[in-house]
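Visitor: First the structure, then my questions, so here it is.
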């Protein structure tokens, strides 16, 4: 498991509240959530569907607008960032992995992995080198030219993980990364994430409601109806 | 003997009867409008009896002994119509794509989407012939006027198809590109365009097919092409030449439809796709 003696947290969340809608139709997705994540930790956020996991991850990654509370990621105050600042945060600091993979079906695996590098303006040769390295890391060296439709769900999710790692993010946010996979493939994907934490020293915040996958996490945050109910070290 | 009472069945409220008043009123109003229209156009019902005979008569004039000497000129003018259609499609598709993408929800902001969509709706309401009549005062009676009318007239529907195609792209890909730090333009370029491009290319070819048909109609107002020729021959009652023109128009249009349809299938379904459902 990751070291726990790191001083400065990479993620600091304080008094986070998020409400969707207004009046009688208002839904309190998050209600006073506070926690910290240290560098090199793999933290699992668990809870039933609708408990606020995705909202929490989207807010931490700057994909959703902050209403109340503070979020600091790698020293950057997320609430104080404008649109360009949020783009830069997602481009340079945070990597995302989604349940539905989000791969471009008309592009090959290597082209999909290379998208964040194109956004950063990385030269072609350097980009190709990095993409090859990432595909090797996720065990898909022989599938570089395949399109998502020609790959299994587990392979597609590994391509998505390679894409999320392309810009060497300090924080990887994974929202139900095994949600569309069978239990064996899901466990393999989680083991891959665990391996990345240990090999690269990366921090991972992963939402899941699969209890078998939680065992691989350093810490577990339990969300229920938008509130943090338990805070457990594995 | 003790009596066993069956549990009381819960009373279930019957579903409300559908209200038919609005439907009946609409039917009556529609019927009244149709009758009023028939009354005002003064239809000569007696002429209907002679119609089949007249049709056969004119078909004989056109196709019994077609004047094949007119074939080269007919082909030449059909080619002018095809060029008009092609140029109109090219201009119209380029403008529609540029304006249609920001009109899509999730790409352009509301203040831009709404006026763009209003402009497309206004253009859709004006037929190409009317557009041609308006712009020929500037550009004159030339095939370019026809191409320009096709381009402008096509923007209304083609831009609508464009933003609808963009909106139909599953959101996951665009979200992933945005999550990778993509700006609005980069998200459109990498998250939406690769998925929408095949469908948009297919629609561009379909626009060309539609323009080939419409270009013949535009010829009727004198902008050149096969429609122009058809008007001339009809006015001078050269039915044997009209027959040749109709044959050329039908064959060329069907050939273009077949080639374009095959290309569209290949683009949207892949090289090995075959027609099995008969919808294409």
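Visitor: Mind checking whether some residue in the stretch A:48-62 is out of contact with any helix residue (DSSP H, G or I) (no Cβ under 6 Å at 6 or more places or on another chain), buried (at least 19 other Cβ atoms within 10 Å of the Cβ) and more than 18 Å from residue A:207 (Cβ to Cβ)?
Guide: There is no residue in the stretch A:48-62 that is out of contact with any helix residue (DSSP H, G or I) (no Cβ under 6 Å at 6 or more places or on another chain), buried (at least 19 other Cβ atoms within 10 Å of the Cβ) and more than 18 Å from residue A:207 (Cβ to Cβ).
Visitor: Let me ask you something else. Of these, B:168, B:151, which one is closer than 28 Å to residue A:109 by Cα, more than 8 Å from chain A (Cβ to nearest Cβ) and at pLDDT 85 or above?
Guide: Residue meeting the stated conditions: B:168.
Visitor: Separate question: Mind listing whichever residues of the stretch A:169-194 are over 13 Å from the mean Cα position of the chain (by Cα) and either more than 21 Å from residue A:94 (Cβ to Cβ) or assigned to a loop (DSSP other than H, G, I, E, B) (or both)?
Guide: Answer for the stretch A:169-194, where residues must be over 13 Å from the mean Cα position of the chain (by Cα) and either more than 21 Å from residue A:94 (Cβ to Cβ) or assigned to a loop (DSSP other than H, G, I, E, B) (or both): A:179, A:180, A:181, A:182, A:183, A:184, A:185, A:186, A:187, A:188, A:191.
Visitor: Only one residue in A:69, A:52, A:61 is within 22 Å of residue B:187 (Cα to Cα) and in contact with a strand residue (DSSP E or B) (Cβ under 6 Å, 6 or more places away or on another chain), so which one is that?
Guide: One residue alone meets the criteria, A:61.
Visitor: Kindly indicate the residue of the stretch A:75-102 that is touching a helix residue (DSSP H, G or I) at 6+ places or on another chain (Cβ under 8 Å) and away from chain B (no Cβ under 11 Å) and also surrounded by the most Cβ atoms within 10 Å (Cβ to Cβ) among those meeting that condition.
Guide: Among residues in the stretch A:75-102 that are touching a helix residue (DSSP H, G or I) at 6+ places or on another chain (Cβ under 8 Å) and away from chain B (no Cβ under 11 Å), the one surrounded by the most Cβ atoms within 10 Å (Cβ to Cβ) is A:78.
Visitor: Being within 27 Å of residue B:88 (Cα to Cα), surrounded by fewer than 24 Cβ atoms within 10 Å (Cβ to Cβ) and within 14 Å of chain A (Cβ to nearest Cβ) is the requirement here; does residue B:186 meet it?
Guide: For residue B:186, the condition - within 27 Å of residue B:88 (Cα to Cα), surrounded by fewer than 24 Cβ atoms within 10 Å (Cβ to Cβ) and within 14 Å of chain A (Cβ to nearest Cβ) - is not met.
Visitor: Let me ask something else about it. For residue B:223, only one of the following conditions fails: (1) part of a helix (DSSP H, G or I); (2) farther than 30 Å from residue A:148 by Cβ. What is its number?
Guide: All conditions pass for residue B:223, except number (1).
Visitor: Looking at this structure, is residue A:143 within 23 Å of residue A:114 (Cα to Cα) and modelled with pLDDT of 90 or more?
Guide: Numbers: within 23 Å of residue A:114 (Cα to Cα): yes; modelled with pLDDT of 90 or more: yes.
Yes: the conditions hold for residue A:143.
Visitor: So for the stretch A:215-225 (the condition being part of a loop (DSSP other than H, G, I, E, B) and within 30 Å of residue A:26 (Cα to Cα)), does at least one residue qualify?
Guide: Within the stretch A:215-225 (the criterion being part of a loop (DSSP other than H, G, I, E, B) and within 30 Å of residue A:26 (Cα to Cα)), the answer is yes, since at least one residue qualifies.
Visitor: I would also like to ask the following. Which one of these does residue B:89 not meet: (1) surrounded by 13 or more Cβ atoms within 10 Å (Cβ to Cβ); (2) in contact with a helix residue (DSSP H, G or I) (Cβ under 6 Å, 6 or more places away or on another chain); (3) farther than 17 Å from residue B:217 by Cβ?
Guide: Every condition holds for residue B:89 apart from (3).
Visitor: Scan the stretch B:116-127 and tell me whether some residue there is out of contact with any strand residue (DSSP E or B) (no Cβ under 6 Å at 6 or more places or on another chain) and in contact (Cβ under 8 Å) with a residue 60 or more places away in the chain.
Guide: No, there is no match, as no residue in the stretch B:116-127 is out of contact with any strand residue (DSSP E or B) (no Cβ under 6 Å at 6 or more places or on another chain) and in contact (Cβ under 8 Å) with a residue 60 or more places away in the chain.
Visitor: I'd like the residue in the stretch A:166-180 that is in contact with a helix residue (DSSP H, G or I) (Cβ under 6 Å, 6 or more places away or on another chain) and either surrounded by fewer than 21 Cβ atoms within 10 Å (Cβ to Cβ) or within 15 Å of residue A:114 (Cβ to Cβ) (or both) and, out of all such residues, is farthest from the other protein chains (Cβ to nearest Cβ).
Guide: The qualifying residue farthest from the other protein chains (Cβ to nearest Cβ) is A:180.
Visitor: Test of understanding: among B:198, B:194, which residue is within 12 Å of chain A (Cβ to nearest Cβ), assigned to a helix (DSSP H, G or I) and touching a residue at least 60 places away in the same chain (Cβ under 8 Å)?
Guide: B:198
Visitor: Exactly one condition in (1) at pLDDT 90 or above; (2) surrounded by fewer than 20 Cβ atoms within 10 Å (Cβ to Cβ) is false for residue A:221; which is it?
Guide: (2)
Visitor: Given the residues A:116, A:39, A:148, A:105, which is the only one that is under 20 Å from residue A:159 (Cα atoms), more than 9 Å from every other protein chain (Cβ to nearest Cβ) and either crowded, with 17+ Cβ neighbours inside 10 Å or at pLDDT below 90 (or both)? Walk me through it before giving the result.
Guide: Working: A:116 fails: more than 9 Å from every other protein chain (Cβ to nearest Cβ); A:39 fails: under 20 Å from residue A:159 (Cα atoms); A:105 fails: more than 9 Å from every other protein chain (Cβ to nearest Cβ).
Only one candidate passes the filter, namely A:148.
Visitor: Is at least one residue of the stretch B:64-85 within 30 Å of residue B:228 (Cα to Cα), out of contact with any helix residue (DSSP H, G or I) (no Cβ under 9 Å at 6 or more places or on another chain) and either in a loop (DSSP other than H, G, I, E, B) or at pLDDT below 90 (or both)?
Guide: no
Visitor: Same structure, new question: From (1) surrounded by 19 or more Cβ atoms within 10 Å (Cβ to Cβ); (2) within 18 Å of residue B:87 (Cα to Cα); (3) within 14 Å of chain A (Cβ to nearest Cβ), pick out the condition that doesn't hold for residue B:178.
Guide: (2)
Visitor: Kindly indicate whether residue A:136 is more than 13 Å from chain B (Cβ to nearest Cβ), in a helix (DSSP H, G or I) and under 20 Å from residue B:190 (Cα atoms).
Guide: no
The values are calculated or read from the model by the stated rules, or taken from the named source; none is laboratory data. Everything quoted here is computed from the prediction, not taken from an experiment. Methodologically, a virtual Cβ is constructed for each residue, glycine included, from the backbone with ideal geometry; neighbour enumeration extends over all protein chains shown.
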